[in-house]
Amino acid sequence: MSTVKVIFNEGKINKIGEVPIWLRITKDRKPSYMSLGIKVLKSQWNYTTNKVRKSHPNSQRLNNLIAQRVAEAENKALESESSVNYTSSKKITKNIKGLTSISFTKYAEKSNEKLKRLGKLAMYYNAKGVLAKLKIYVDEREIQFTDLTPTFLGNYENYLLGKGNNQNTVANGLRIIRKIFNEAIREEIVDFNKNPFIIYRIKTAPTAINYLTEAELDAIANLKLNPSKSIYHFRNLYIFAANTGGIRISDLLLLKWSSFDGAKLSFVTKKTKAQINIKVPSKGLQILNLYKTADTLLSDFIFPFFKNDVDYSIPKNLYLALNNTIHKANTALKDIATECKFTKNLHFHTSRHTWATQALLKGVRIEYVSKLMTHTNIKTTQVYAKIVDEELDKAMDLFN
């Protein structure tokens, strides 16, 4: 007969006085041990009940986790007892560990390191920040997959909102946690039925879409700026994007003259890996002509932000260059908004919103707008159609 017991392993106390909680599985007087990944101070452990004291801020959650682990271990031990073949305590422990052979914490770290190796540094640093917040919430404790219940996620969401995070920032973080959990399910690390996101729904808040009118765009284009200053070039980049398909800044910065045939731009987008072929309108051509000289090589970058002698195929070089330049662009646009006396929050992505809105107002079909913006779902583009309807309503009000 096998027995399962919770062990407060004081022999493994760490430097800050925390003691790990283990399970001891005994069969034929031979014990085997398994860590639960939980550590508490001696003062927070009730030796009589073998539970975490109520003085611990997460006592209920930890005691529920311990009880769940004991139940899982007893069930696995019972299955082993029913086997026709002899099973030792070590084999029972091995079978129990198979239920959760790796913690969520360890799996998430491993998953994120894979992003780093693949050179997906933006995703890597984003996920790293999300996991760091989660680690603080659980007091640096290692998180098991079974910890991530709908109740846990709801409490965590409230905690983040209470810390001043907005709803959509919280939602983005939870999507990363969901993505990691789904990866573990695909790799059969955890059972599909254990997925808390089957029940828990990630909540988002509607966001206001800032875009410029033609008059506001003209005001920026006509602003007198010093060509020797970076703000002049960031203005040109913004005007180009707002007139040429709302191209993302990450793609614009990487454009080379080899992508331009004199009339069209052809390139593969960084974010969606979609092939784009777009005819450059006259306002866009005027800006391109500012940067084309007799010495220009096809291998040169079109816009003067990236260095032609730097290898941006190295992920770290590209990540740092993009982050630094996008930050400078948004700072410059805030100065431009102040100069133009705009009350709108101007950042580079508004060029994308501006192009989409203006394109629909000019009668471009929504399918074409969606394709040029490389939206994977036309529903994403329909938000601009709603804005256009509102603008048309305002226009009709002029007849009153």
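The values are calculated or read from the model by the stated rules, or taken from the named source; none is laboratory data. Because the structure is a prediction, the values reported are computed rather than measured. Quick reminder, even Gly has a Cβ in these numbers, built from the backbone with ideal geometry, and neighbours come from all protein chains shown.
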Candidate set: region 273-282, residues that are within 26 Å of the chain's Cα centre (by Cα) and outside any loop (DSSP other than H, G, I, E, B); chosen: the one surrounded by the most Cβ atoms within 10 Å (Cβ to Cβ): ILE276
Residue ID - surrounded by the fewest Cβ atoms within 10 Å (Cβ to Cβ), chosen from residues in region 216-269 that are of a type in the set (Val, Ile, Thr) and within 24 Å of CYS340 (Cβ to Cβ): ILE231
Every pair of residues 6+ apart whose Cβ atoms lie under 6 Å, when the first sits in region 301-330 and is closer than 17 Å to LYS120 by Cβ while the second is buried (at least 16 other Cβ atoms within 10 Å of the Cβ) and basic (Lys, Arg): none
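For every residue, the table says whether it meets (1) farther than 17 Å from ASP251 by Cα; (2) touching a helix residue (DSSP H, G or I) at 6+ places or on another chain (Cβ under 7 Å).
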{"position": "LYS307", "(1), (2)": "no, no"}
{"position": "ASN323", "(1), (2)": "no, no"}
{"position": "ALA337", "(1), (2)": "yes, no"}
{"position": "ASN345", "(1), (2)": "yes, no"}
{"position": "ILE378", "(1), (2)": "yes, yes"}
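For (1) crowded, with 18+ Cβ neighbours inside 10 Å; (2) modelled with pLDDT of 90 or more, each residue gets a yes or a no:
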| position | (1), (2) |
| --- | --- |
| SER2 | yes, no |
| ARG24 | no, no |
| ARG29 | no, no |
| LYS42 | no, yes |
| ARG69 | yes, no |
Test: residue in region 54-66 that is outside the structural domain of ARG141 (by TED's automatic domain parsing), over 18 Å from ILE143 (Cα atoms) and touching a Phe, Trp or Tyr at 6+ places or on another chain (Cβ under 9 Å): no
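Let's see how each residue does on (1) charged (D, E, K, R); (2) more than 17 Å from the chain's Cα centre (by Cα); (3) closer than 30 Å to TYR312 by Cβ; (4) buried (at least 16 other Cβ atoms within 10 Å of the Cβ):
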position: ASN112; (1), (2), (3), (4): no, no, yes, yes
position: TYR124; (1), (2), (3), (4): no, no, yes, yes
position: LEU131; (1), (2), (3), (4): no, no, yes, yes
position: LEU134; (1), (2), (3), (4): no, no, no, yes
position: GLU140; (1), (2), (3), (4): yes, yes, no, no
position: PHE145; (1), (2), (3), (4): no, yes, no, yes
position: ASN172; (1), (2), (3), (4): no, no, yes, no
position: ILE180; (1), (2), (3), (4): no, no, yes, yes
position: TYR200; (1), (2), (3), (4): no, yes, no, yes
Meets criteria (assigned by TED's automatic domain parsing to the domain that holds ASP218 and under 27 Å from ARG235 (Cβ atoms)) for THR376: no
Near pairs, Cβ below 7 angstrom, 6+ apart or cross-chain, from region 149-160 (in the same structural domain as ASN193 (by TED's automatic domain parsing) and surrounded by 14 or more Cβ atoms within 10 Å (Cβ to Cβ)) to any residue that is assigned to a helix (DSSP H, G or I) and β-branched (Val, Ile, Thr): GLU157/VAL170; LEU160/VAL170
Check on THR293, β-branched (Val, Ile, Thr), more than 26 Å from MET123 (Cβ to Cβ) and more than 28 Å from the chain's Cα centre (by Cα): yes
Some residue of region 3-21 being out of contact with any Asp or Glu (no Cβ under 8 Å at 6 or more places or on another chain), part of a strand (DSSP E or B), among the basic types (Lys, Arg) and over 30 Å from GLY154 (Cα atoms): yes
Residue in region 115-123 that is touching a helix residue (DSSP H, G or I) at 6+ places or on another chain (Cβ under 8 Å), without any contact (Cβ under 8 Å) to a residue 24 or more places away in the chain and under 30 Å from VAL383 (Cα atoms) present: yes
